[in-house]
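Down below is the structure, laid out as structure tokens.
Computed from the coordinates by the stated procedures, all read-outs in this text should not be read as laboratory data. Remember, it's a predicted structure, so these values are computed and weren't measured experimentally. Cβ atoms come from the backbone with ideal geometry, glycine included; neighbour counts cover every protein chain shown.
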Ligand SMILES: [Zn+2]
């Protein structure tokens, strides 16, 4: 794994730069990312460009042998530019203008023109610089709330987008969304408004809105990419994602680029396994292409409390975990501690006195350990397990918030059994995997069906979790038995589907079944090859009914918890089960513990 750092020379004393770039090299860093937040420093007034400082910073990085990635600065437009374009300011769902990051609407004609202008000027100047290896497009596409906009231009663009999607046929939209319910039949596309709340709103409309926001963002980045491809040929294009959120379809957005970049902020309050999951989710977005961590904080910031201060060893473990999850390049969040602004609290590699922090020492230790390691143990093998993940699945149903937790249960269960896991979008051929998981793959569409069939018809062990294959692509409930498709293979269909506040237990095994719980009935053509592997204890009407059903290599499991997935996978594969939270994988023929929560400070677990 290659290491680098986000560098904000515009905020540092210029006399430090030459020494800083040499120190980066001496530490073992190979990549710097800069310029993405510096628009006002190189264009302080309209068309008044000050490039000499950026020329110098890039030249110094080049002299030190560092590769340069330039960020397009469009998420942080200068205040003079925002003031010029009051009409292009983005609005929240409550009609509040957005003020900080991404203050301008990416649908607005003026924003897009400014974006093309500044990217064109930058790419014209630096596109063919020999030190420049790539471009990071805009900022992390964070949550839906931070990216969606309710301005007038978005409202009419939404109508036009729907019109194209339904080939100008409003009756087709009404039919797909079932608007006959509650007399919501639309007379025209202009009558479809951006929803302001998620509750009490037709699910088809909510899902379409999410898709529209991802599409608008994709188009905005496509315009940047088109310019850079011409002026900076052969360079990588990196999209930037915060995959802790599941409400913006990163799969749509990642397609602009050649590299997926993810944020990996300090996992405050979250299980460390979620970081592993976001690494693997990022890796799955562009098949066969590298994944970078663009922003890794290596230490504990003062604004959060930790049980103990992270040590050099802790930082090194974080880096090793990224390495073993197949990250190609990892950038530390910041070179020098910020003296002002929103990053003031961020842990950098150098503190405000210019002294190395725990992050720096962790980088040193990691590189030392890599240097001393058996090269065979550094190689990340092809994963034997695939987990099918679709962002839209997190948006359907009446309780979409449980989706990610079911996915993480399945993911953690496979990890505890020592599997490296590819998190993949539906549509891929999965016949080469040993284990394929559909944890809550809700939408039945050609892509998910073909993935299921490719795995079920091969030798893969296939496990379908609760709330799978039960919705259509427009948020309509499947008519007929579910999980649709799998029911015919296993010859069992869901009989009761419920969300339990107090989880019921699966017997044998004694595992809790989580909130999304379902029981099965064997269908009329079930034969002796259909086996009930577990039944529910408790859960009212669930009590005594089949909870896990298997026929051949396909299993339906009607509950979900890490323990339930782990026990089912270990029982069916014979793989050894690691203690809860511990990740052990095989590297170069030996078992390597890549993560052990008991060895980490509480915040990093
Ligand atoms: Zn807008």
(Q) Just to confirm the number: angle between the C-alpha axis of helix 109-126 and the first principal axis of the chain, 0 to 90 degrees, nearest 10? (A) 60
Q: Express in nm, to one decimal, how much length is gained between residue 340 and residue 352 on full extension, taking 0.36 nm for each residue of separation and deducting their alpha carbon distance.
A: 3.2 nm
Q: If a/c stays under 1.5 just call it rounded; otherwise compare a/b with b/c (prolate if a/b is bigger, oblate if not). Do that for the chain, with a ≥ b ≥ c from the square roots of the Cα gyration tensor eigenvalues.
A: oblate
Q) In degrees between 0 and 90, to the nearest 10, how far off the longest principal axis of the chain does helix 272-285 point, with axes built from Cα atoms? A) 80
Q | region 104-177 versus region 503-532: alpha-carbon centroid distance in Å | A | 45
Q. Taking neighbour Cβ counts within 10 Å as the exposure measure, how do 396, 379 sort from fewest upward?
A. 379, 396
Q. What nm value, rounded to one decimal, do you get for the distance between residue 598 and residue 303 when each label is placed 7 Å out toward the C-beta?
A. 3.4
**Q.** Relative contact order, percent, region 64-112 [alpha-carbon distance under 8 Å, six or more residues apart]
**A.** 33
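When the expected Rg is taken as 2.2 N^0.38 Å, what fraction or multiple of it is the alpha-carbon Rg of region 241-397?
The value comes to 1.10.
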Q. What length, rounded to one decimal in nm, is gained on full extension from residue 113 through to residue 99, with 0.36 nm per residue of separation minus their alpha-carbon distance?
A. 3.1 nm
Q: Specify the angular offset, from 0 to 90 degrees and rounded to the nearest 10, of the alpha carbon long axis of helix 203-231 from the longest principal axis of the alpha carbons in the chain.
A: 40
**Q.** Sum of -39500 (n - 2.57) over DSSP H runs of 4+, divided by residues of the chain (222 nm, nearest 500)
**A.** -10000 deg cm²/dmol
Q) Remind me, relative contact order of the chain in percent, using alpha carbon pairs under 8 angstrom and six or more residues apart? A) 11
Q. Given a Förster distance of 45 angstrom, what is the FRET efficiency for residue 571 paired with residue 311, based on the Cβ-Cβ distance and rounded to 0.05?
A. 0.75
Q) What's the extension gain from residue 129 to residue 185 if we count 0.36 nm per residue and subtract their Cα-Cα distance? A) 14.5 nm
**Q.** Mean separation of Cα contacts under 8 Å (6+ apart) over length of region 473-573, as relative contact order %
**A.** 27
